[in-house]
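First the structure, in the form of structure tokens, and then the observations on it.
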Amino acid sequence: MTPPASQTPSQLAALTPAERLDRVRDDIAIAARSVGREPSSVTLIAVSKGHSAAEVAQVIAAGHRVFGENRVQEAQAKWPDLRQRHPGIELHMIGPLQTNKVRDALALFDVIQSLDRPKLADTLAAELERGGRRPGLFIQVNTGEELQKSGVLPREAPDFIAYCRDDKRLPIRGLMAIPPAEDDPALHFALLRELARNAGLTQLSMGMSADYQSAVRSGATHVRVGTAIFGERHYPPAAAESSDET
Ligand SMILES: *Cc1c(COP(=O)(O)O)cnc(C)c1O
């Protein structure tokens, strides 16, 4: 697979987050145009997990406004203050969400991309009924059917989408997936796109630092890019989240 930028890792490390952000935006524009899409049809989510508020502030200063976090607690520590200082921030929750954190998540996030089970749909619907802030929602699909990964299985996706939309009246925008690291991501992007098309959903959150160009060529409307913008995270990615329920 071609790396997202033409520089070597050490040259990339010498760039500032703002410079890397520019490179990623350029890559997205090239990938979009290569398949006849407008670059503006792709939303770049800068994934700031594992990075400090000071690092995030550099990317905000460069004009970026859309960010992603994968843990409620980390986001709560970082974002209320950043939000207050910088209007127009759009924050996406991209990690597993425990039902006991739903209220906190709704208070902080504009979009929740990790809706992955009926119990979470029920809890979200109950909170929205109470008049909670209405988020945009993506349903996460486990396209690689990996045991350790969240998301509904592809064969269960149509019923789960119908449950969320029709039974629970949730504002579902699209589908999200994290392909297995060892597979050709394009196959997973195609599967996600097909599942969305069959359900009449138009938004697709797919593509990370290693594969966002491929994702854009496959129709991604949202790419979630962390390392290629911020550099290596300050904690091991494997420690990301332990969900205490399924
Ligand atoms: C961390 C994370 C990303 C960003 O990963 P990078 O490889 O650093 O770009 C994207 N999506 C999800 C769900 C993540 O948890």
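The values are calculated or read from the model by the stated rules, or taken from the named source; none is laboratory data. All figures in this text were calculated on a predicted structure; none of them were measured in a lab. Cβ sites come from the backbone with ideal geometry, for glycine too, and all protein chains shown count toward neighbours.
Restricting to the stretch 137-168, count the residues that are within 18 Å of residue 68 (Cβ to Cβ) and part of a loop (DSSP other than H, G, I, E, B).
Residues meeting the conditions: 3.
Check the stretch 124-136 and report whether any residue there is assigned to a loop (DSSP other than H, G, I, E, B), more than 13 Å from the ligand (Cβ to nearest atom), out of contact with any strand residue (DSSP E or B) (no Cβ under 7 Å at 6 or more places or on another chain) and within 21 Å of residue 73 (Cβ to Cβ).
yes
Against the condition farther than 20 Å from residue 133 by Cα, modelled with pLDDT of 95 or more and in contact with a Phe, Trp or Tyr (Cβ under 8 Å, 6 or more places away or on another chain), how does residue 30 come out, does it pass?
no
Is it the case that the stretch 146-156 has a residue that's farther than 30 Å from residue 57 by Cα and either β-branched (Val, Ile, Thr) or crowded, with 23+ Cβ neighbours inside 10 Å (or both)?
yes
Suppose we filter the stretch 58-74 for residues that are among the aliphatic types (A, V, I, L, M), more than 16 Å from the chain's Cα centre (by Cα) and surrounded by 15 or more Cβ atoms within 10 Å (Cβ to Cβ); how many remain?
Residues meeting the conditions: 3.
Residue under question is residue 205, and the condition is that it be more than 17 Å from residue 117 (Cβ to Cβ), within 15 Å of the ligand (Cβ to nearest atom) and touching a residue at least 60 places away in the same chain (Cβ under 8 Å); does it hold?
Values: more than 17 Å from residue 117 (Cβ to Cβ): yes; within 15 Å of the ligand (Cβ to nearest atom): yes; touching a residue at least 60 places away in the same chain (Cβ under 8 Å): yes.
Yes.
I'd like to check something: does the stretch 156-170 contain any residue that is within 16 Å of the ligand (Cβ to nearest atom) and under 23 Å from residue 197 (Cα atoms)?
Within the stretch 156-170 (the criterion being within 16 Å of the ligand (Cβ to nearest atom) and under 23 Å from residue 197 (Cα atoms)), the answer is no, since none of the residues qualifies.
Please go through the stretch 60-87 and pick out each residue that is assigned to a loop (DSSP other than H, G, I, E, B), away from the ligand (no atom under 15 Å from the Cβ) and of a type in the set (Lys, Arg).
Passing the criteria: only 65.
I'd like the residue in the stretch 88-123 that is at negative phi, without any contact (Cβ under 8 Å) to a residue 40 or more places away in the chain and small (Gly, Ala, Ser) and, out of all such residues, is farthest from the ligand (Cβ to nearest atom).
107
Yes or no: the stretch 37-49 includes at least one residue that is farther than 29 Å from residue 161 by Cβ, surrounded by fewer than 23 Cβ atoms within 10 Å (Cβ to Cβ), in contact (Cβ under 8 Å) with a residue 60 or more places away in the chain and more than 16 Å from the ligand (Cβ to nearest atom).
no
Go through the stretch 140-160 and give me each residue that's within 17 Å of residue 111 (Cβ to Cβ) and in contact (Cβ under 8 Å) with a residue 40 or more places away in the chain.
Across the stretch 140-160, the qualifying residues are 141, 150.
Return the residue satisfying two criteria in turn: it lies in the stretch 174-199 and is small (Gly, Ala, Ser) and within 15 Å of the ligand (Cβ to nearest atom), and of such residues it is nearest to the chain's Cα centre (by Cα).
Across the stretch 174-199, the extreme among qualifying residues is 177.
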